[in-house]
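Take a look at the structure set out below.
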Amino acid sequence: MNDIEQIQRRTIKVLALGQVLGGFGLGSTLSIGSLLAKDLSGSEAWAGSAATFSTLGSAIWAIPLARLAYARGRRVSLAMGAGFAITGAITVINAAGYRSFPLLLLGIFLLGAGSATSLQARFAATDIPSAGKTGRSIGLVVWATTVGAVTGPNLFGPGEELGRALGLAPLAGPFLFTVAAQTCSTLVFWFGLRPDPLKYAQELLKDTSKTKHKISFKSAIDTLKQYPVARFSVLSIALSHMVMVSVMAMTPVHLQHMGYDIVVVGFTISLHIAGMYAMSPVMGFLADKVGKIQTIFIGQALFVSALLFAGLGHADRLMVTIGLTLLGLGWSAATVAGSALLSATLPAEEKTNVQGLSDSLMNLSGAFGGAIAGLLLASFHFEGLNAIALVPVSVVTVLIFAISRKNKLANS
């Protein structure tokens, strides 16, 4: 095994450990956050604001964190993002105590940096050249999130008990686990990523390129104009994320309407998050072996199944749970394959810049989905929300056939 392979294996292990710890905060942000938003605002229509501000925060943090990574390395960028997430969790705890809805939105916005960090970590797995294993490298890092992300929602009950023992406001306790987990994640990234994978890759690139590349929003757009497959990748990731966020964020509210308590909500969200992350190595393998565009199509097919189960079975908790699990699987296929396709399509010197833009657009799409999800739930109920979510799935499916036909004609 050469030095590059050894460094890549160590990098994947460190990224995976950081993702395990960072994943503890993912379920709390959107699930408990939506319940807190409903409680503090006094309106169900504002329940989706938690998903909106979390994904909006992730979108806004994505580009500066990507620029920081390019200038200072992944180690600094990932540790900084996790540090902002810690501040966000503490702010949410205080918001619950002061009964302040604006303060809650600020805290959730800061927590979005943790999501941006998690997304950036999957791209960090591809910084060091690894021919033919792009999908699997991303899939392994995404998979590592499973442990924390699935366990996190099941700590809602213990978190509430701990919060109550410490005199915290209702629903604030689970965020104590977020603070602890993100602190550990920060330490792992800071001390573990040596050598820094992006800086190491940049040193390798210096041997073959003397060109200095500009890092900016405009240059990322210009790059996407040159690479239509990369444009498709960015769009498919963004729309798939919008579908997932809009339905997932409103499921806790729907389950509350059905009369279920926070423990049942936590278990259901755990199964959804297991679908998102547990099968990601399989999705990565499919992306490398079957094809990245084909795996994105599999993701859209899973979305259709998920929305039919959850929408048509909206009055049955088992059907909703099955639908939400399939929703997670669809997100996994689309996100892992889309990310692998983006990394494989772009020149090495352009990757970090466009990856930051992709993560930003992905989360802006999620913010839009979360923003309208509460209104759609209030207006058309849970079944109507699932039916409307089929629209972006249809758009991605049409684009898949269009890009596949274009590639087939180009290769004929």
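Here are the numbers for this structure:
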{"read-out": "From the options Pro392, Pro347, residue that is more than 18 Å from the chain's Cα centre (by Cα) and either within 20 Å of Thr55 (Cα to Cα) or surrounded by fewer than 23 Cβ atoms within 10 Å (Cβ to Cβ) (or both)", "value": "Pro347"}
{"read-out": "Residue check for Leu171: farther than 29 Å from Thr352 by Cβ and either surrounded by fewer than 21 Cβ atoms within 10 Å (Cβ to Cβ) or acidic (Asp, Glu) (or both)", "value": "no"}
{"read-out": "Residue selected from region 364-389 under the condition touching a Gly at 6+ places or on another chain (Cβ under 7 Å) and buried (at least 24 other Cβ atoms within 10 Å of the Cβ), by the criterion farthest from Phe53 (Cα to Cα)", "value": "Asn386"}
{"read-out": "Check on Arg122, touching a helix residue (DSSP H, G or I) at 6+ places or on another chain (Cβ under 7 Å), modelled with pLDDT of 80 or more and of a type in the set (D, E, K, R)", "value": "yes"}
{"read-out": "From Ser58, Ser54, Ser34, residue being under 16 Å from Phe123 (Cα atoms) and surrounded by 24 or more Cβ atoms within 10 Å (Cβ to Cβ)", "value": "Ser58"}
{"read-out": "Residue among Arg122, Arg99 that alone is over 10 Å from Ser54 (Cα atoms) and surrounded by fewer than 21 Cβ atoms within 10 Å (Cβ to Cβ)", "value": "Arg99"}
{"read-out": "From the options Ile32, Ile4, Ile12, residue that is more than 15 Å from the chain's Cα centre (by Cα), more than 22 Å from Phe175 (Cα to Cα), of a type in the set (A, V, I, L, M) and modelled with pLDDT under 85", "value": "Ile4"}
{"read-out": "Ser360 vs. criteria of a type in the set (Ser, Thr, Tyr), buried (at least 23 other Cβ atoms within 10 Å of the Cβ) and touching a residue at least 24 places away in the same chain (Cβ under 8 Å)", "value": "yes"}
{"read-out": "Flag for Gln300 being in a helix (DSSP H, G or I), of a type outside the set (Val, Ile, Thr) and surrounded by fewer than 20 Cβ atoms within 10 Å (Cβ to Cβ)", "value": "no"}
{"read-out": "Among (1) in a helix (DSSP H, G or I); (2) in contact (Cβ under 8 Å) with a residue 24 or more places away in the chain; (3) touching a helix residue (DSSP H, G or I) at 6+ places or on another chain (Cβ under 8 Å), the one test that Leu162 misses", "value": "(2)"}
{"read-out": "Pairs with Cβ under 8 Å, 6+ apart, first in region 369-388 and within 16 Å of Val320 (Cβ to Cβ) and aromatic (Phe, Trp, Tyr), second modelled with pLDDT under 90 and not in a helix (DSSP H, G or I)", "value": "Phe382/His314"}
{"read-out": "Leu176 being more than 19 Å from the chain's Cα centre (by Cα), farther than 22 Å from Gln8 by Cβ, free of Cβ contacts under 8 Å to residues at least 60 places away in the same chain and part of a helix (DSSP H, G or I)", "value": "no"}
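The values are calculated or read from the model by the stated rules, or taken from the named source; none is laboratory data. For clarity, every value in this text was computed on a predicted model and none was experimentally measured. Quick reminder, even Gly has a Cβ in these numbers, built from the backbone with ideal geometry, and neighbours come from all protein chains shown.
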